[in-house]
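Below: the structure, in structure tokens.
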Amino acid sequence: MKKKKLARFRLPTLTEQEILLGLVVEPVPPDQVERLDELITEHHYLKNARVVGEHLRYVAMYQGQWLALATWSAAALHIKPRDRFIGWSEEQRRMRLPLVVNNSRLLVLPPCECPNLISRFMKLMLGRLSSDWEQSWGHPVALAETFVDPHLYQGTAYKASGWHRLGQTGGWKRSAEDFYQKHERPKQIWVRELVPNACGKLCARQLPAQWKKVEEKAAPRCTAKAGQMRSLVEHLRAEVPEFRSKEALAYPIAGFLVLIALAMFSGVRRGPQDLAEYAASLSSGQLRALGFRTKRGTTRLRCPGESTFKRVLPQIDAAALERALLLWQQQVLGPSQDKLVIVDGKTLRHAHVELVSAVDGSGRWLGTVAVKEGSNEIPAARELLDKVSVTDKTTLADAIHTHVETAQQILFEGGGDYALTVKENQKELVQTLATLLTRSDFSPSTHNADARADARTQSEPT
């Protein structure tokens, strides 16, 4: 059998060496994106230029002529060899995945056949990728990944640029939001650390300061177990009556309210859109525990969207819901033993709602009152203090609540103590406090003329 001839290595000519030395690599400007996408679609074997999530496009030029193109996208959600290579936990992967980027397309445009062009392109591109990513998306990147089809390529360009081959994919492709198909064409997995000890930093307990913003932007996630969710659903079903027609219930009110409560506990604060995104992140088991029904003619569980939250939320009896949640909280945690009551106001900007809530020193929720339209936090806080027990406790609040009426309510009506903030713009109160705290002699004092007398003794009667 005749052996296949291997391609011989060729050194660049002088002209080609000039091209390599003069190569310029830059992000593609917005007005040239369409041109890049058309060239990739025409010449790349995948025949599309699709990018996913956060992304960048690069071009390698010599004297204004485009020679090579590349696109970078958000990293793949799950890759076992990559995740083992990094060593991070499942929760770390969820929170820190934006620090990993995927080289989704790499293309040398015909008829360019300059040796070493692709490795030169890769070196210049990797040298600026993290800073360009931070400028475009607000955070740097630490690790790069890519996939190579071994039926067509050997990954030589990546190997020459310091990438490491980890293994291969399982041979599956996503064909729907949560459905994968076997395609029997696994890809090689290549990775490259963009900073020293990137993997060690990605799986450390604390991220470097410049990377922490990635975790702060991570979407909240429901960590409740199905059994815990069913417990609260059953409690709310008994306490909060269903007010809608049973025939139209894809989302029973008890499960719907549990979903909202879990979203709030997880840190969702911005109204129906964020609630819908949070709901979409729940697993099938969690949706089933909430009692949500399947889509007609399928086995897929339904998930409420933004319009459902907008329609149902205004109809909920807020007082009944609050009573039910507080009662369930007490059944689970027992009575609160903390001696602090902390009052604070928050504005749900995207929902155009202002709330005043009370928590204890451990962060346990004690109650909430919505600020009435045209009003402010002060009367809402007093309404809240009417229903929250402050007896033998100390109430803390910021300066907006530093008023005589509020202090009297806590002290005389509630039987508690208070620690209220005073700011410089409360001039009269600041002056009064300054007078009260001025140092003076304790009465009875000594006679001013006799400085030697001891104020702690009295003269003997004559």
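The values are calculated or read from the model by the stated rules, or taken from the named source; none is laboratory data. As the structure is a prediction and not an experimental result, all values here were calculated from the model. Surface accessibility is based on the protein's heavy atoms, side chains included, excluding ligands, DNA and RNA. Shrake-Rupley method; radii C 1.70, N 1.55, O 1.52, S 1.80 Å.
Specify the inter-centroid distance of the range 15-62 and the range 360-387, based on alpha-carbon positions, in whole Å. Answer, in whole Å: 56.
Rounded to two decimals, what is Rg over Rh for the range 69-144 when you use alpha-carbon atoms and the Kirkwood radius?
On the way: Rg = 14.6 Å, Rh = 14.0 Å.
We get a ratio of 1.04 for the range 69-144.
Counting only protein heavy atoms and using a 1.4 Å probe, the accessible area of His78 comes to about 110 Å².
After finding the eigenvalues of the alpha carbon gyration tensor for the chain, what semi-axes result from the square roots of 5 times each, listed largest first in whole Å?
Working: eigenvalues 763, 238, 77 Å².
Semi-axis lengths for the chain are 62, 34, 20 Å.
Ordered from largest to smallest accessible area (heavy atoms of protein chains, 1.4 Å probe), the residues Trp328, Trp66, Trp133 come out as Trp328, Trp66, Trp133. Taking each of Lys213/Lys339; Lys159/Lys212; Lys123/Lys159; Lys47/Lys80; Lys346/Lys427 in turn, the alpha-carbon distance tops 23 angstrom for Lys213/Lys339; Lys159/Lys212; Lys47/Lys80; Lys346/Lys427. Which percentage, to the nearest 5, of the DSSP beta bridges contained in the chain is antiparallel? Of those bridges, close to 80 percent are antiparallel.
Give the accessible surface of the range 182-333 per residue, rounded to a whole number of Å², with probe radius 1.4 Å and ligands, DNA and RNA excluded. The partial results should precede the final answer.
On the way: 8650 Å² over 152 residues.
I get 57 Å² per residue for the range 182-333.
Note on His151: accessible area is roughly 120 Å² with a 1.4 Å probe, heavy atoms of protein only.
Using equal-weight Cα scatterers in the Debye expression, the normalised intensity of the range 319-398 in log10 at q = 0.17, 0.22 Å⁻¹ is -0.69, -1.08.
Normalised radius of gyration for the range 389-434, please: alpha carbon Rg relative to 2.2 N^0.38 Å, two decimal places.
1.18
Suppose all protein chains stay in the model; what accessible area per residue would a 1.4 Å probe give for the range 336-415, in Å²? The partial results should precede the final answer.
Working: 4430 Å² over 80 residues.
Per-residue value: 55 Å².
Computed with a 1.4 Å probe over protein heavy atoms only, the accessible area of Phe243 comes to about 90 Å². When only alpha carbons are used to place a centre, the range 318-340 and the range 120-156 end up 51 Å from one another.
From the protein chains alone at 1.4 Å, what is the descending order of accessible area for Asp31, Asp417, Asp398, Asp132, largest first? Write out the running numbers ahead of the final one.
On the way: Asp31 120, Asp417 90, Asp398 65, Asp132 15 Å².
Descending accessible area places them as Asp31, Asp417, Asp398, Asp132.
Would you list Ser281, Ser73, Ser104 from the most to the least accessible area, probe 1.4 Å? Kindly include the intermediate steps, with their values, before the conclusion.
Values: Ser281 65, Ser73 5, Ser104 25 Å².
The ordering from most to least exposed comes out as Ser281, Ser104, Ser73.
Our coupling estimate for the range 415-430, obtained by passing each phi through the Karplus curve with A = 6.51, B = -1.76, C = 1.60 and θ = phi - 60°, is x, x, 10, 9, 9, 10, 6, 10, 10, 4, 6, 8, 4, 5, 5, 4 Hz, Gly and Pro reported as x.
Kirkwood hydrodynamic radius, computed over distinct alpha-carbon pairs, for the range 60-203: how many Å, to one decimal?
On the way: mean 1/r = 0.0612 Å⁻¹.
Here the Kirkwood hydrodynamic radius works out to 16.3 Å.
At 1.4 Å probe size, with the rest of the protein present, what percent of the exposed accessible area of the range 12-102 is carbon and sulfur atoms? Kindly include the intermediate steps, with their values, before the conclusion.
Values: 2560 of 4630 Å².
Its accessible area is 55 percent carbon and sulfur atoms.
Ignoring ligands, DNA and RNA, what percent of the 1.4 Å accessible area of the range 182-241 is carbon and sulfur? It would help to have the intermediate numbers written out before the result.
Numbers: 1670 of 3580 Å².
Summing carbon and sulfur atoms, their accessible area is 47 percent of the total for the range 182-241.
Solvent-accessible area of the range 311-423 (1.4 angstrom probe, protein heavy atoms only): carbon and sulfur portion equals 53 percent. What separates the Cα centres of the range 68-96 and the range 393-410 is a distance of 50 Å.
In this structure the range 42-95 gives 50 Å² per residue of accessible area when probed at 1.4 Å with all protein chains present.
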